[in-house]
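The values are calculated or read from the model by the stated rules, or taken from the named source; none is laboratory data. The structure displayed is predicted, hence computed values, not measured ones. Using ideal geometry, Cβ is built from the backbone for each residue, glycine included, and neighbour counts are taken over all protein chains shown.
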Amino acid sequence: LAHAAARSADRLLTPPAPVRLGDVVPAPERVHPDPAADFTLPPDAVVRVSPDPAARDVAEQLADLLRPATGHRLPVTELADAGTDGHLVLTLSGPTPTPARSTPAPTAGDGPAGDEGYRLTVAPDEVRIVAVGAAGLFHGVQTLRQLLPAAIESRTPVTGRWTVPGGTIVDRPRFAYRGAMLDVARHFFAVPDVLRVIDHLARYKLNHLHLHLTDDQGWRIAVDSWPRLADVGGATEVGDGPGGFYTRADYRRIVRHAARRHVTVVPEIDLPGHTNAALVAYPELAPNRIAPSPYTGTEVGFSYVDHTDERTYAFVADVLGEVAALTPGPWLHIGGDEAFKVKGAAYTGFVERAQRIVAGTGKTVVGWHQIAPAGHVDGRVVQWWGTHPDDPETADAVRRGARLILSPGNHAYLDMKYAPDTPIGHDWAGLIDVRRAYDWDPGTHLTGVPAESVLGVEAPLWTESVTTLAEIEFMLLPRLPALAELGWSPRSTHDWADFRERLAGHGPRWATAGIAFHPSPEIPWP
Ligand code: TNX
């Protein structure tokens, strides 16, 4: 008792937490601050977790996150029952965390989103995260991370008070699919770079990494049945670089790292265009059977596989079959963009066969919105990258049953320059600074497409001009969090003035973690 009294007296003298409970990106659905309930992590803190392997793994990741800066031991132990105490408590609960009485009931977006929701309660004696699934606990941990002082991002010990603002957050995503794409074909990025990109996604509760694995300039995934694809097709990239490819073990490592962070990998094999690297490796797939020269420029739309030859479909089935077998997630992306030389019925006929091949692997097909005119197959997802919201072909595909991933070129394209003087990037879809990345609504963006048909959002990073991890980070940050908020947060929280203030606090976090970012003049960095 004396100990408890001393602790509470200590609290009275303690300054409030440096971070406010609502200072989270993406904005949580509901925030109820309680300034009297701040929590300070004691040096002997323990992490307690429900006895479930996936939950346990989240608890281990939380401890790993906190140990370097705090220097605390943070042992992780399992809870015998939900009532047992600890300082940081992660519990799985049967039913979805119930919202507080005083706030309106949620309107839409339940369904599978329930698995990703969480409730975080900060009280003087403990921080507790409750969720239906481990994904929810993981997202709750990302929120907790942002509620600690920025110094928590230090990889070496920092002396300081590790105080978290008191109160309750009840949160869950608006859209089920929230992603980013990395083009590893134009420039190849080795496994450690990809793992770090996954970490950046996870911070902002993004749950899909789309890998653009093949293009004219390089083929990046080993395929046992067609070994020259990677051996020959992987040896080039834009410019004079050496290229590269992922072995099956490399790819599995990426998938595993992503899975621990509740991120699903979406592999893309771009067909029937964007295939020059494949044709260099296997000229028999080329329309004239003549091997083209390796291509290291940045034009698009000139290459295609011979859609009139049965061998092409054997190739497609072999490649998609192997990639599907390596991929635990439900999606297989077949590209379909910019096949300028395969027109009309030849194009839709090819796409329809490729869609059936994907269905045969047990996966759900995704394609860029050029596939819209092809026939519908169950579950099909169209990724829209247009710049004008009137797109009757895409709206028609939605009417025929397609779901949509929105990647509007003029808002979500991370390869666009921020400003005229941005040293890398394109500008064909305009300049995209943070406000432009933030100010659109995925639920109402496309004419004739209802919010219920929108599976989610994705920010693609094409890499014609991006050559290093630091350049990837420079293009991702600070725009990726804007996209993440559109995908996660209820529309009612959408507010540019508020967002830019919340985002500003992330600059010091990135700087402390050694992450490169663009210090956009639109954000009031501290
Ligand atoms: C269009 S977006 C492409 C890519 C380019 C990109 C550059 C899409 C599906 N295709 O091949 O890299 O523009 O912004």
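Scan 391, 415 and give me the residue that is closer than 19 Å to residue 472 by Cα, within 16 Å of the ligand (Cβ to nearest atom) and surrounded by 18 or more Cβ atoms within 10 Å (Cβ to Cβ).
415
What is the one condition in (1) more than 16 Å from the ligand (Cβ to nearest atom); (2) in contact (Cβ under 8 Å) with a residue 12 or more places away in the chain; (3) farther than 30 Å from residue 240 by Cα; (4) not basic (Lys, Arg) that residue 444 does not satisfy?
With respect to (1) more than 16 Å from the ligand (Cβ to nearest atom); (2) in contact (Cβ under 8 Å) with a residue 12 or more places away in the chain; (3) farther than 30 Å from residue 240 by Cα; (4) not basic (Lys, Arg), residue 444 is out only on (2).
To keep it simple, each residue is scored yes or no on (1) in contact with a helix residue (DSSP H, G or I) (Cβ under 9 Å, 6 or more places away or on another chain); (2) without any contact (Cβ under 8 Å) to a residue 40 or more places away in the chain; (3) β-branched (Val, Ile, Thr); (4) buried (at least 24 other Cβ atoms within 10 Å of the Cβ).
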| position | (1), (2), (3), (4) |
| --- | --- |
| 195 | yes, no, no, no |
| 205 | yes, no, no, yes |
| 214 | yes, no, yes, yes |
| 249 | no, yes, no, no |
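Being away from the ligand (no atom under 16 Å from the Cβ), within 26 Å of residue 412 (Cα to Cα) and of a type outside the set (S, T, N, Q) narrows it down to one of 248, 228, 256, 203, so name that one.
So the residue among 248, 228, 256, 203 that is away from the ligand (no atom under 16 Å from the Cβ), within 26 Å of residue 412 (Cα to Cα) and of a type outside the set (S, T, N, Q) is 203.
Kindly indicate whether any position in the range 463-473 is crowded, with 22+ Cβ neighbours inside 10 Å, outside any helix (DSSP H, G or I) and of a type in the set (Val, Ile, Thr).
yes
Pairs needed: first member in the range 407-429, assigned to a helix (DSSP H, G or I); second member anywhere, basic (Lys, Arg); C-beta distance under 9 Å; at least 6 residues apart or different chains.
Listed by first residue and then by second, the contacts come to 410/436; 411/436; 412/479.
When residues of the range 168-210 are filtered for being in a loop (DSSP other than H, G, I, E, B) and within 24 Å of residue 464 (Cβ to Cβ), how many remain?
Residues that pass the stated criteria total 8.
Report yes if some residue within the range 92-113 is modelled with pLDDT of 75 or more and in a loop (DSSP other than H, G, I, E, B); otherwise report no.
Yes, the range 92-113 contains at least one residue that is modelled with pLDDT of 75 or more and in a loop (DSSP other than H, G, I, E, B).
What single numbered condition from (1) charged (D, E, K, R); (2) assigned to a loop (DSSP other than H, G, I, E, B); (3) under 30 Å from residue 115 (Cα atoms) fails to hold for residue 268?
Result: residue 268 fails condition (2) only.
Considering only the range 327-336, how many residues are within 19 Å of residue 311 (Cβ to Cβ) and away from the ligand (no atom under 16 Å from the Cβ)?
Count: 0.
Checking the condition basic (Lys, Arg) and surrounded by fewer than 23 Cβ atoms within 10 Å (Cβ to Cβ), which residue from 172, 155, 178 passes?
Within the list 172, 155, 178, the selection yields 155.
Is it the case that the range 360-369 has a residue that's surrounded by fewer than 23 Cβ atoms within 10 Å (Cβ to Cβ), more than 16 Å from the ligand (Cβ to nearest atom) and not in a loop (DSSP other than H, G, I, E, B)?
Looking for residues that are surrounded by fewer than 23 Cβ atoms within 10 Å (Cβ to Cβ), more than 16 Å from the ligand (Cβ to nearest atom) and not in a loop (DSSP other than H, G, I, E, B), one finds at least one in the range 360-369, hence yes.
From the list 372, 339, 345, which one is within 12 Å of the ligand (Cβ to nearest atom) and assigned by TED's automatic domain parsing to the domain that holds residue 260?
339
Among the residues of the range 426-436, are any among the basic types (Lys, Arg), away from the ligand (no atom under 15 Å from the Cβ), under 28 Å from residue 497 (Cα atoms) and at pLDDT 95 or above?
yes
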